[in-house]
Amino acid sequence: MRVLAYSEAQKEATARYNKKAYDRIDLVVPKGKRQLIKDYAKAQGYESTNKFILDLIYKAMEEGGDA
């Protein structure tokens, strides 16, 4: 399998797109908990910790009925 280099221009284009398309929310967790959360998300079949957290938030919003 050949891996292509990710050029600086591609990095910059991706950063510009992400800034335009997404809002950021920083999440702070105690030392050591990040890896535990990441491992748990993976064990639950999630490809990313971000997707895992978003799904939990959306589920809580649906159950709360206020969204």
Accessible surface of the chain [probe 1.4 Å, protein heavy atoms]: carbon and sulfur percent: 55
Degrees separating the helix 49-64 axis from the principal Cα axis of the chain, which is the longest one: 30
Accessible area per residue in Å² at 1.4 Å probe, computed on the chain: 103
Rounded to 10°, Cα long-axis angle of helix 8-21 versus longest principal axis of the chain: 30
Rg over Rh [alpha-carbon atoms, Kirkwood Rh] for the chain: 1.08
Net charge dipole size for the chain [Lys, Arg +1 and Asp, Glu -1 on Cβ; Debye, nearest 20]: 400
Solvent-accessible surface (1.4 angstrom probe) belonging to Asp55, in square angstrom, nearest 10: 50
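The values are calculated or read from the model by the stated rules, or taken from the named source; none is laboratory data. No experiment lies behind these values; they were computed from the predicted model shown. Note that each Cβ is placed from the backbone with ideal geometry, even for glycine, and that neighbours are counted across all protein chains shown. In case anyone asks, the SASA skips ligands and DNA or RNA and just uses the protein heavy atoms, side chains included. Shrake-Rupley method; radii C 1.70, N 1.55, O 1.52, S 1.80 Å.
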